[in-house]
Amino acid sequence: MSAATGIRHLVPVGMRHDGPRIAPWVILISALVATSVLAYNLLFTDAASIRNLTVSLSANPAFSLLFGPVEDLSTVDAFTTWRSLALGDFFAGMMAIFIVTRNSRAHEDSNQAELVASGVVGRSARLLAAVAIAAVAAVVLGIISWVVNMLCGGEPIASLWLSSTLTASALVFAGVAAITSQLASTAGAANSIAIVVLGAAYLLRGIADSTPGLEELIWWTPLGWAERVEPVGAQDWRPLVACVGLAVVLVAVAALLQSRRDYGAALIPQRAGRARGGLVASSWGLALRLNRASVIGWLIGFALIGTVLGNVAASIGDEFTKNPVLRQIITASGGASDDLIFAYMATLTHLLAIIASAFGVQVMMRMYAEESTGRTEAVLAGAITRQRHLAGHAAIAFLAPAVALALGTAALTVSARAAGSDVDAGELLVQGLLAVPAVWVIVALAVALVGARPAARLLAWIAVVAMFGLTILGPTFNLWEWVLAISPLWHIPDVSASDADWWQLLWLALVIVLFTAIGFIGYRRRDLRFGKP
C-alpha cells in the first residue's frame with residue numbers, strides 16, 4: 001500500500017460533501033468578473049467617460065493598493081483585468097485555504113479522519129485528497145469565470161488568461177494551507193496562519209504597486225506573479241508555471257511534514273492549560289480565550305495596514321486635489337467636504353472599517369464553529385444560559401473590531417503626519433471612530449444570522465463584500481444614491497462638513513439593536529447544531 005492509496009475514493013466523496021460550500025465561492029468570484037464587464041459596458045460608453053475613469057483611478061494611489069496599477073482602461077478586458085485580477089486572486093486563495101483545512105485538519109479535530117484512516121488508506125491520502133479537491137475547485141473556478149466573462153462580452157483569449165490566474169493563485173494557497181494544517185494544532189489556527197500569509201502576500205503586492213521605488217517587491221509574492229501574467233498585455237505564461245511549481249513544492253513539503261507528526265498532533269504543540277480555570281471560568285473569558293490569537297493578529301495587522309495607508313496617502317499632490325472627476329468620486333463617499341485631502345483620508349478610514357467588519361464576522365463564525373463541532377453542548381451543560389454564552393462572543397465581536405479600527409486610524413494618522421501630510425489629526429481620529437457604528441451593523445447582522453439562522457450565515461460575508469463594492473467602487477460607477485445608501489458607511493457623517501447629518505447615526509443604532517435582538521431571541525429558541533427554530 002502506497003502513501004496515496006485510497007485517494008481516488010476520497011476525492012469524489014469529499015467533492016460531494018464539500019460541493020455546497022465551494023459553490024458560493026465560485027459564484028462570488030465569477031460574479032466579480034461578470035459585474036466588471038457589465039458595469040463597464042453599461043456606464044462607460046464614450047471616449048470622454050473612459051478617459052475620466054482612467055485619470056480618476058490612476059490619480060488615487062489607494063486604487064493601486066487595492067486592485068493594482070491603473071495604466072490603460074480603454075477596453076472592457078483591460079478594466080475587467082484591473083478590477084478582478086488582484087481581488088479575485090485573493091478570494092481564490094481564501095477559497096483554497098478553507099477547502100484544504102476543512103478536508104484535512106478539521107477532520108482530525110472532529111475525529112472523522114480516524115474513521116477514514118482505519119480503512120485501506122495511505123498515510124498521505126487524506127492530505128492529498130484535500131489538495132486535490134481544492135485543485136478541482138480551482139480548475140472549475142477558472143472554467144466558469146472564463147465562460148461567464150465571455151458570455152458577458154469579454155474577449156476569449158484575454159478572459160482565459162485572467163481566469164488562469166485565479167486557478168494558479170488557488171493552487172498556491174492550497175499548498176500553503178496544506179503546510180499550515182501540519183503546523184497548527186486546530187483547524188482554526190491553521191486557517192488563521194494561512195490567511196495571514198495570504199494577507200501579507202496581498203499587502204506586499206499592494207505596496208509594490210502603489211509605492212514608487214518598491215516595484216521589485218512584486219516578485220516576492222505569488223499574487224504579484226499572477227499580476228505579471230498581464231492578460232491584456234504580454235500574456236506571459238511563465239508566472240503561471242512558477243505558481244504551479246510553487247504549489248507542487250508546498251504540497252510536497254506538507255506531505256513530508258505530515259509523515260513526521262503523530263495523528264491528531266501538530267508540529268507547533270499546544271501549551272498545557274492552567275490547573276485552574278482562570279480566564280475561561282466565565283463565558284466572557286472563554287470567548288476571549290477562543291479568539292485571543294486572532295484578536296492579537298488582527299490588531300497587529302491593523303497597525304501595519306494603517307501605517308502603509310498613511311504613507312500612501314501622504315503621496316497625494318496638487319494634481320490630485322485639482323482633478324474634478326476625482327473630486328466627485330471622493331466626496332461622494334466621504335461627504336460634502338471641501339478639503340479633498342481629508343476626504344481622501346476619510347475614505348481610507350472607510351476601508352479600515354470594511355476590514356474591521358470582516359474581523360467581527362469572523363468572531364461570530366468562530367462561535368458557530370464551536371457549535372458545529374459539538375463543544376458548545378458541553379459548555380451549555382453547565383451553569384450557563386444560552387444568552388450569556390452568546391453575549392460573551394457578541395461582546396468580543398463588537399468591541400474587538402472597534403479597538404482595531406481605532407488603532408488602524410491612529411496608525412494612519414501618525415504615519416501620514418510623519419510623511420509630511422498636514423491633515424487635522426483630531427478630526428481624522430474622530431472620523432475613524434464614527435465608522436464604528438457602520439462596522440457594528442455588519443457585526444449585528446452576523447449575530448442575527450448565527451443566533452437565529454446559521455444556515456444563512458454566508459450572508460454576513462456577502463454583506464462585507466457588498467459594503468466594500470458600494471463604498472469603494474460605487475461612486476466610481478455613478479450608482480444611484482439609494483443603491484449607495486445600502487452601505488452603512490454611506491450614513492457616516494463627515495466631521496469636517498458644516499451641515500453633517502448626525503441623525504444618521506441614530507438610524508444605524510436602531511438597526512444594530514434590531515439585528516442583535518433577533519440573534520438573541522433566535523438563539524434561545526433554535527436547536528443547537530441544526531439552526532432550526
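Every residue, every condition in (1) crowded, with 24+ Cβ neighbours inside 10 Å; (2) modelled with pLDDT under 75; (3) among the β-branched types (Val, Ile, Thr); (4) within 30 Å of residue 306 (Cα to Cα), yes or no:
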residue	(1), (2), (3), (4)
83	yes, no, no, yes
111	no, yes, no, no
114	no, yes, no, no
117	no, yes, no, no
138	yes, no, no, no
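Based on this model, can you work out whether residue 185 counts as out of contact with any strand residue (DSSP E or B) (no Cβ under 8 Å at 6 or more places or on another chain) and either open to solvent by less than 20 Å² (accessible area, probe 1.4 Å) or within 19 Å of residue 22 (Cα to Cα) (or both)?
no
Which pairs do you get when a residue that is in contact (Cβ under 8 Å) with a residue 60 or more places away in the chain, found in region 187-205, comes within reach of a residue that is open to solvent by less than 30 Å² (accessible area, probe 1.4 Å) and basic (Lys, Arg), reach meaning Cβ atoms under 7 angstrom, with the pair 6+ apart or on two chains?
Short answer, once both residue conditions are applied: 187/105; 190/105.
Hand me the list of helices (runs of 4 or more DSSP H) wholly inside region 428-533 holding 3 or more residues that are surrounded by fewer than 17 Cβ atoms within 10 Å (Cβ to Cβ). Working first, answer last.
Details: elements: 436-452, 458-468, 481-484, 503-525.
Ranges flagged: 458-468, 481-484, 503-525.
Here are some residues: 240, 250, 162. Which one is out of contact with any strand residue (DSSP E or B) (no Cβ under 6 Å at 6 or more places or on another chain) and either over 28 Å from residue 34 (Cβ atoms) or modelled with pLDDT under 90 (or both)?
Exactly one of 240, 250, 162 is out of contact with any strand residue (DSSP E or B) (no Cβ under 6 Å at 6 or more places or on another chain) and either over 28 Å from residue 34 (Cβ atoms) or modelled with pLDDT under 90 (or both), namely 250.
Which of the residues that make up region 369-391 are closer than 22 Å to residue 108 by Cβ and either polar (S, T, N, Q) or open to solvent by less than 30 Å² (accessible area, probe 1.4 Å) (or both)? Give the derivation first.
From region 369-391, those closer than 22 Å to residue 108 by Cβ are 369-379; that's our starting set.
Of everything in region 369-391, those that are closer than 22 Å to residue 108 by Cβ and either polar (S, T, N, Q) or open to solvent by less than 30 Å² (accessible area, probe 1.4 Å) (or both) turn out to be 370, 371, 372, 373, 374, 376.
How many residues does region 119-136 contain that are open to solvent by 10 Å² or more (accessible area, probe 1.4 Å) and in a helix (DSSP H, G or I)? So that I can check it myself, show each step before the final result.
The initial filter retains those residues of region 119-136 that are open to solvent by 10 Å² or more (accessible area, probe 1.4 Å), namely 119-121, 123-124, 126, 128, 131-132, 135-136.
Okay, now just the ones that are also in a helix (DSSP H, G or I), so 126, 128, 131-132, 135-136.
The qualifying residues number 6.
Assess whether residue 109 counts as being among the acidic types (Asp, Glu), touching a residue at least 60 places away in the same chain (Cβ under 8 Å) and closer than 15 Å to residue 127 by Cβ.
yes
Taking residue 364 and the conditions (1) closer than 22 Å to residue 510 by Cβ; (2) outside any helix (DSSP H, G or I); (3) among the aliphatic types (A, V, I, L, M), which numbered condition does it fall short on, given that it satisfies the others?
Going through (1) closer than 22 Å to residue 510 by Cβ; (2) outside any helix (DSSP H, G or I); (3) among the aliphatic types (A, V, I, L, M) one by one, residue 364 breaks only (2).
Listed residues 168, 194; which is more than 28 Å from residue 366 (Cβ to Cβ), open to solvent by less than 10 Å² (accessible area, probe 1.4 Å) and part of a helix (DSSP H, G or I)? Write out each step before concluding.
Values: 194 fails: more than 28 Å from residue 366 (Cβ to Cβ).
Result: 168 is the single residue among 168, 194 that is more than 28 Å from residue 366 (Cβ to Cβ), open to solvent by less than 10 Å² (accessible area, probe 1.4 Å) and part of a helix (DSSP H, G or I).
If I ask for residues that are in contact with a Gly (Cβ under 6 Å, 6 or more places away or on another chain) and surrounded by fewer than 23 Cβ atoms within 10 Å (Cβ to Cβ), which ones from region 199-226 would you list?
Correct list: 218 only.
Any idea how many residues of region 346-381 are under 17 Å from residue 527 (Cα atoms) and not aliphatic (A, V, I, L, M)?
Of the residues in region 346-381, 9 are under 17 Å from residue 527 (Cα atoms) and not aliphatic (A, V, I, L, M).
Within region 370-384, how many residues are part of a helix (DSSP H, G or I) and not hydroxyl-bearing (Ser, Thr, Tyr)?
Going through region 370-384, the residues part of a helix (DSSP H, G or I) turn out to be 370-372, 375-380.
Remaining after also requiring not hydroxyl-bearing (Ser, Thr, Tyr): 370-371, 375, 377-380.
Qualifying residue count for the region: 7.
Kindly establish whether residue 163 is over 24 Å from residue 66 (Cα atoms) and of a type in the set (Gly, Ala, Ser).
Numbers: over 24 Å from residue 66 (Cα atoms): no; of a type in the set (Gly, Ala, Ser): yes.
Considered against the rule, which asks whether it is over 24 Å from residue 66 (Cα atoms) and of a type in the set (Gly, Ala, Ser), residue 163 comes out as no.
Any chance region 311-329 includes a residue that's modelled with pLDDT of 80 or more and either in a helix (DSSP H, G or I) or in contact with a strand residue (DSSP E or B) (Cβ under 7 Å, 6 or more places away or on another chain) (or both)?
Within region 311-329, the first condition is being modelled with pLDDT of 80 or more, and the residues that meet it are none.
No, because not a single residue in region 311-329 is modelled with pLDDT of 80 or more and either in a helix (DSSP H, G or I) or in contact with a strand residue (DSSP E or B) (Cβ under 7 Å, 6 or more places away or on another chain) (or both).
The values are calculated or read from the model by the stated rules, or taken from the named source; none is laboratory data. None of these values were measured; they are calculated from a predicted model. Every residue, glycine among them, receives a Cβ derived from its backbone with ideal geometry; neighbour counts consider all protein chains shown. Just the protein is used for accessible areas: all its heavy atoms, side chains included, with ligands, DNA and RNA removed. Shrake-Rupley method; radii C 1.70, N 1.55, O 1.52, S 1.80 Å.
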